[in-house]
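Report on the structure given below.
The values are calculated or read from the model by the stated rules, or taken from the named source; none is laboratory data. Since the structure is predicted, the reported quantities are computational estimates derived from the model, not experimental observations. Reconstructed Cβ throughout: ideal geometry from the backbone, glycine too, with neighbour counts over all protein chains shown. Quick note on the areas: whole protein, heavy atoms, side chains included, nothing else; ligands and nucleic acids left out. Shrake-Rupley method; radii C 1.70, N 1.55, O 1.52, S 1.80 Å.
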Amino acid sequence: MSEPAIIEVNGLTKTYQVGDVEVHALRGVDLQVRKGEFVAIIGASGSGKSTLFHILGGLTPTTSGSVRINGRDLAGMTNTERTDLRKTTVGFVFQKYNLLPTLSAEDNIRMVQYIGGRHTEFDASFQEILKLLGIADRMKHKPRALSGGQQQRVAIARGIVNSPAILLADEPTGNLDSENSAAVLKLMKDLNQRLGQTILMITHDADAASYADRIVRMRDGRIV
Amino acid sequence: MLNKLIFANLGHRPVRTLLSVLAIAVEVTMILTLVGVSYGTLDQTAQRARGVGADIIFRPPGSSAIGLSSAPMSDKIPALLMQEPHVAFAMGTMVQPLSGFDSITGLDLDDFHRLNGGFHFLQGGPLVNDNDIIVDEYYAKQKKLHVGDTVNLVNHDWRLAGIFEGGKLARICVKLHVLQELTGNPGHLSQIFLKVDDPSRAQAVVDAMRLKFKGYQIYTMEEFTSLLSINSVGMLKSFIGVVIGVAVVVGFIVVFMAMYTAVLERTREIGILKAVGASSGLILNILFRETLLLALLGAAFGIVLTYGTQWLMRHAVPASLVQETVYGWWPIATGIAIVGALLGAIVPGVKAVKQDVTEALCYE
Ligand SMILES: Nc1ncnc2c1ncn2[C@@H]1O[C@H](COP(=O)(O)OP(=O)(O)OP(=O)(O)O)[C@@H](O)[C@H]1O
Ligand SMILES: [Mg+2]
């Protein structure tokens with residue numbers, strides 16, 4: 001092992017209580033991700049992939065087991081520390097884009113910059129990324145005026161604008177045609193290789209998964 | 001950046017924003033109009049009191065600064081007072097309250113003339129017959145009265161003998177003895193105005209009289225007019241208090257509703273903000289800023305509306321209600337609006353902060 005583990009998950013379970021019914025979303029997940037790794041997670045719908053991501057970002061509390069990010073136990077963190085974790089360490093690209101509907105694409109990205117404590121203009125390399133993603137000329141539009149694929153790419157730009165240590169991308173190519181898919185995947189590969197960006201990517205697409213260093217399969221809340 | 005989001009949010013639901021602003025505006029107008037009318041009425045009362053031209057006012061025990069409800073003093077007192085050192089002249093009047101802030105005053109025009117040169121008549125002339133009445137120009141304008149008209153007040157038909165320039169003593173005057181008899185107070189007075197030979201001695205004369213006429217309310221005119229403030233008129237003070245209370249509740253409810261629906265509707269947005277690292281403080285900050293903006297816009301609009309109510313009063317009821325623009329109350333009313341609004345935003349704010357992020361993100 002050349003690099004220490006940036007993510008360490010041991011015996012993680014997550015049970016949702018829906019009325020009287022218990023939904024076991026995660027049934028004991030063990031996962032280690034080293035700094036600078038590009039990991040693809042594949043698995044059937046409902047296998048708990050998104051749930052795992054939400055837990056890694058401190059958005060959802062665990063039921064049992066431990067999660068360490070950068071060596072720190074999530075369970076031992078205060079709310080403020082978890083907020084800080086999302087602000088500085090973990091960047092999300094959500095399955096459902098989740099852009100703020102009242103703000104333009106640009107302001108959606110700037111808002112995240114602002115929350116991260118940066119107030120600078122987009123630098124040249126980020127401008128370049130926007131061009132690569134094919135959304136540089138769509139920045140003034142509100143999400144409503146963008147196609148699903150464009151929104152997805154704005155969400156990707158938003159996820160990386162603060163250069164988080166860990167990028168959690170939930171089906172980033174789910175709504176993209178093959179050309180744009182390739183652009184997004186190349187971009188992620190490039191970030192990974194050039195800047196050592198740690199990336200976890202959920203995908204249903206074997207082609208997309210082939211960009212990763214390692215493929216993790218999930219079934220029924222477990223890694224197989 | 002935050003402000004951009006706030007403006008975008010407010011612009012996203014223009015009708016809700018507009019209604020909130022309007023409700024807060026009405027709240028502010030309500031306060032400012034009431035305060036304006038209170039100040040206007042008090043100032044006019046003071047101005048008329050000064051216009052009498054007396055140096056000292058002598059009132060029965062237990063009377064309040066505005067309004068006299070009885071006439072408990074004997075009309076022998078003026079003659080008695082005139083024997084006091086330095087008192088040059090004393091004039092007694094009787095005041096009978098009418099509806100609202102209006103009242104009718106009984107006086108002796110000759111005495112009044114000795115005090116200050118008398119009324120200046122714009123139309124008609126002084127009281128001659130017992131059923132003559134004279135009124136000031138504002139009252140005449142409001143009631144559309146002309147000399148010769150019949151005016152029914154205190155269950156009595158009067159003939160309008162003259163219209164005088166306002167600002168002296170009273171708005172509606174009749175002969176003293178007529179009013180005394182009509183109201184069942186023969187030989188009784190409500191207040192007495194005194195003139196001293198040297199105005200600089202007024203305070204000394206008042207001090208001396210207070211020792212001699214225990215219980216009576218004796219003031220120099222200056223003292224008396226300074227008493228005509230909201231704080232010294234208990235009834236007005238509590239009335240304004242009640243209206244402010246109502247206004248705060250209205251503001252609270254409106255903002256509560258507006259912000260509560262906004263939070264419900266923005267469940268997802270709030271979830272997104274949290275997911276990208278926004279702290280609870282930032283979420284509250286955004287919500288409270290939005291609320292503050294609503295309150296400020298509402299207050300500004302409310303102040304503008306106050307000029308509207310002022311105009312209305314000047315044209316509809318020029319005599320009985322005078323509304324002043326009380327600039328000092330602009331920040332107070334704005335502050336009240338802000339407090340009500342921020343209180344209303346607390347519960348929605350807590351709800352927003354407590355909301356589960358992932359559930360919010362599930363929506364679509
Ligand atoms: N907030 C929630 N409340 C209750 N049950 C939930 C909640 N979120 C997820 N689940 C359940 O947990 C299980 C795992 O869901 P999850 O979203 O993690 O699956 P997924 O692998 O991301 O699926 P997909 O590929 O369709 O996105 C599912 O059975 C789902 O219904
Ligand atoms: Mg999912």
*Looking at the stretch A:168-196, which of its residues are within 16 Å of ligand 2 (Cβ to nearest atom) and open to solvent by less than 30 Å² (accessible area, probe 1.4 Å)?*
A:Leu168, A:Ala169, A:Asp170, A:Pro172, A:Thr173
*Can you find even one residue in the stretch B:80-99 that is acidic (Asp, Glu) and under 20 Å from B:Gly53 (Cα atoms)?*
yes
*Tell me, please, whether a residue that is touching a residue at least 60 places away in the same chain (Cβ under 8 Å), more than 11 Å from every other protein chain (Cβ to nearest Cβ) and farther than 20 Å from B:Thr267 by Cα can be found in the stretch A:140-162.*
yes
_Residue pairs, Cβ under 7 Å, 6 or more apart or interchain, first in the stretch A:56-81 and more than 13 Å from A:Lys14 (Cβ to Cβ) and within 14 Å of chain B (Cβ to nearest Cβ), second hydroxyl-bearing (Ser, Thr, Tyr) and in a helix (DSSP H, G or I). List them._
none
*Confirm whether B:Leu305 is out of contact with any strand residue (DSSP E or B) (no Cβ under 6 Å at 6 or more places or on another chain), of a type outside the set (Ser, Thr, Tyr), within 14 Å of another protein chain (Cβ to nearest Cβ) and touching a residue at least 40 places away in the same chain (Cβ under 8 Å).*
no
*What is the residue count in the stretch A:117-158 for residues that are closer than 24 Å to B:His12 by Cβ and open to solvent by less than 80 Å² (accessible area, probe 1.4 Å)?*
17
*asked:* Being within 13 Å of ligand 1 (Cβ to nearest atom) and touching a Pro at 6+ places or on another chain (Cβ under 9 Å): is that true of A:Ile55 here?
replied: yes
*Name the single residue, out of those in the stretch B:308-355 being open to solvent by 60 Å² or more (accessible area, probe 1.4 Å) and under 19 Å from B:Met259 (Cβ atoms), that is nearest to the chain's Cα centre (by Cα).*
B:Val339
*Return the total of residues in the stretch B:275-302 being touching a residue at least 60 places away in the same chain (Cβ under 8 Å) and either open to solvent by less than 20 Å² (accessible area, probe 1.4 Å) or under 17 Å from the mean Cα position of the chain (by Cα) (or both).*
10
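Yes/no matrix, rows are residues, columns are (1) assigned to a strand (DSSP E or B); (2) out of contact with any Phe, Trp or Tyr (no Cβ under 8 Å at 6 or more places or on another chain):
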| residue | (1), (2) |
| --- | --- |
| A:Gly159 | no, no |
| A:Pro164 | no, yes |
| A:Thr173 | no, yes |
| A:Ala182 | no, yes |
| A:Met188 | no, no |
| A:Gln193 | no, yes |
| A:Ile199 | yes, no |
| A:Tyr211 | no, no |
*asked:* What's the total number of residues in the stretch A:197-221 that are touching a Lys or Arg at 6+ places or on another chain (Cβ under 7 Å) and either away from ligand 2 (no atom under 16 Å from the Cβ) or of a type outside the set (A, V, I, L, M) (or both)?
replied: 4
*Qualifying residue in the stretch A:98-112 (condition: in contact with a Pro (Cβ under 6 Å, 6 or more places away or on another chain) and of a type in the set (A, V, I, L, M, F, W, C))*: yes
*Would the stretch B:5-14 turn up any residue that is open to solvent by less than 20 Å² (accessible area, probe 1.4 Å) and either more than 13 Å from B:Ala262 (Cα to Cα) or out of contact with any Leu (no Cβ under 8 Å at 6 or more places or on another chain) (or both)?*
yes
*Give B:Ala208, B:Ala204, B:Ala262, B:Ala295 a once-over and let me know the one that is in a helix (DSSP H, G or I), touching a helix residue (DSSP H, G or I) at 6+ places or on another chain (Cβ under 8 Å) and at pLDDT 85 or above.*
B:Ala295
*If we keep just the residues of the stretch A:82-116 that are more than 8 Å from chain B (Cβ to nearest Cβ) and charged (D, E, K, R), which is surrounded by the fewest Cβ atoms within 10 Å (Cβ to Cβ)?*
A:Glu106
_Looking only at strands (runs of 3 or more DSSP E) that lie completely in the stretch A:1-66, which have at least 3 residues being farther than 24 Å from A:Asn79 by Cα?_
A:21-34, A:38-43
_Index of the failed condition, A:Tyr16 passing every other in (1) of a type outside the set (Val, Ile, Thr); (2) closer than 20 Å to A:Asp170 by Cβ; (3) open to solvent by less than 40 Å² (accessible area, probe 1.4 Å); (4) touching a helix residue (DSSP H, G or I) at 6+ places or on another chain (Cβ under 9 Å)_ = (3)
*Candidates A:Glu37, A:Glu121 - the one that is away from every other protein chain (no Cβ under 12 Å) and over 25 Å from A:Arg222 (Cβ atoms)*: A:Glu121
